[in-house]
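Below is one structure, written out as structure tokens; the observations come after it.
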Amino acid sequence: MIIDCFPFFNELDLLDIRLKLLDNIVDKVVLIESTRTFTLSKKKLFYNENKNRYKKYKDKITHVIVDDSPALFNKFFIHRPKNIFWLLKNKKPILLNAHDIDFYQKNQVYKGLNNCDENDILILSDLDEIPNPLIFEDLETLKRGNTALELDLYCYFLNGKVFNIENKKNIKWIGPSITQFKNFRSFHDERSEARNSFKKDSKFRKIQNAGWHFTYLGGLKSLNFKIKSTAHTELNTRTINTQTNLKKMINSGVFIGNRKWKAIYKPLESIFPEYLCSLFYEYPNLIKTA
């Protein structure tokens, strides 16, 4: 059995794309959704409110709702510059770090992994990190140890391929981890190890050109909300997260957080196989036109 595990924020169209693309590959989906953002703002359960849109997949999807994000923390997190105050029931303030909240929420994936066989294959990724279905043609290789997937990076729109403006190379993103249930430790541990797969002593095998990472999609309003909610609180400033600046960055393609990276908007057919183009054309709001 192949089980696709990912957190869900509010990316309704991207969820649709992922479910359609991996429908013939994946046997089960574990979708993690929290009632709070990584910065502890209250959040709607967007999947819950839109379940009918995905009724075709209802027998596959296990919906894990995380509604206790602050309860885990009972100590100070002071190792990062941006922290959040939270009052516990005893009224004592503690410092919470958005990355720790991120880790906690995603680690709740275990609640959807009951009754797994030790040989079941887990895909552990963010929703917007979509594996190429073709990599699952060689399941025997995926069963041998842990695997990290190297993805092409896209920003703002499905056809906004990201390049380094200095060396003109397209940016590669190492994100998803694939492992068997018998080797699974936690969502965060597996993802962290996968991102270090470039190191010589890494136990992870890396597959190149293994999929696509579509980040910061959805337009100005969606982008503003994501920046306010993300664990990367350094981006939520009066300089970066303004409508004027975000509009300028989207139009120019300059990547948020790294000005050496830039999204170049290209025709779908020049960067994706035909089956992806056909699927993506169903979502014109996610495609940048001239």
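At a glance:
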{"read-out": "Any hit, segment 217-234, residues being surrounded by 13 or more Cβ atoms within 10 Å (Cβ to Cβ), without any contact (Cβ under 8 Å) to a residue 12 or more places away in the chain and in a helix (DSSP H, G or I)", "value": "no"}
{"read-out": "Some residue of segment 125-142 being modelled with pLDDT under 90 and in contact with a strand residue (DSSP E or B) (Cβ under 6 Å, 6 or more places away or on another chain)", "value": "yes"}
{"read-out": "Evaluation of Arg185 against (1) under 23 Å from Glu269 (Cβ atoms); (2) exposed (fewer than 14 other Cβ atoms within 10 Å of the Cβ); (3) basic (Lys, Arg) (one fails), failing number", "value": "(1)"}
{"read-out": "Meets criteria (at pLDDT below 90 and farther than 19 Å from Pro7 by Cα) for Glu166", "value": "no"}
{"read-out": "Whichever residue in segment 38-55 is charged (D, E, K, R) and in a loop (DSSP other than H, G, I, E, B) and, among such residues, is nearest to Asp16 (Cα to Cα)", "value": "Lys44"}
{"read-out": "Qualifying residue in segment 11-25 (condition: assigned by TED's automatic domain parsing to the domain that holds Leu124 and either at pLDDT below 60 or among the small types (Gly, Ala, Ser) (or both))", "value": "no"}
{"read-out": "Top-ranked residue of segment 126-172 - restricted to ones that are within 25 Å of Ser222 (Cα to Cα) and of a type in the set (Asp, Glu), ranked as surrounded by the most Cβ atoms within 10 Å (Cβ to Cβ)", "value": "Glu129"}
{"read-out": "Selection count, segment 98-118, where residues are part of a helix (DSSP H, G or I) and either surrounded by fewer than 20 Cβ atoms within 10 Å (Cβ to Cβ) or acidic (Asp, Glu) (or both)", "value": "8"}
{"read-out": "Verdict on Lys182 being assigned to a strand (DSSP E or B), assigned by TED's automatic domain parsing to the domain that holds Thr37 and under 28 Å from Gln108 (Cα atoms)", "value": "no"}
{"read-out": "Residue within segment 194-204 that is touching a strand residue (DSSP E or B) at 6+ places or on another chain (Cβ under 9 Å), crowded, with 20+ Cβ neighbours inside 10 Å, modelled with pLDDT of 90 or more and not in a loop (DSSP other than H, G, I, E, B) present", "value": "no"}
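The values are calculated or read from the model by the stated rules, or taken from the named source; none is laboratory data. Please read all numbers here as calculations on a predicted model, not as lab measurements. Here Cβ is always computed from backbone atoms with ideal geometry, including for glycine, and neighbour counts include all displayed protein chains.
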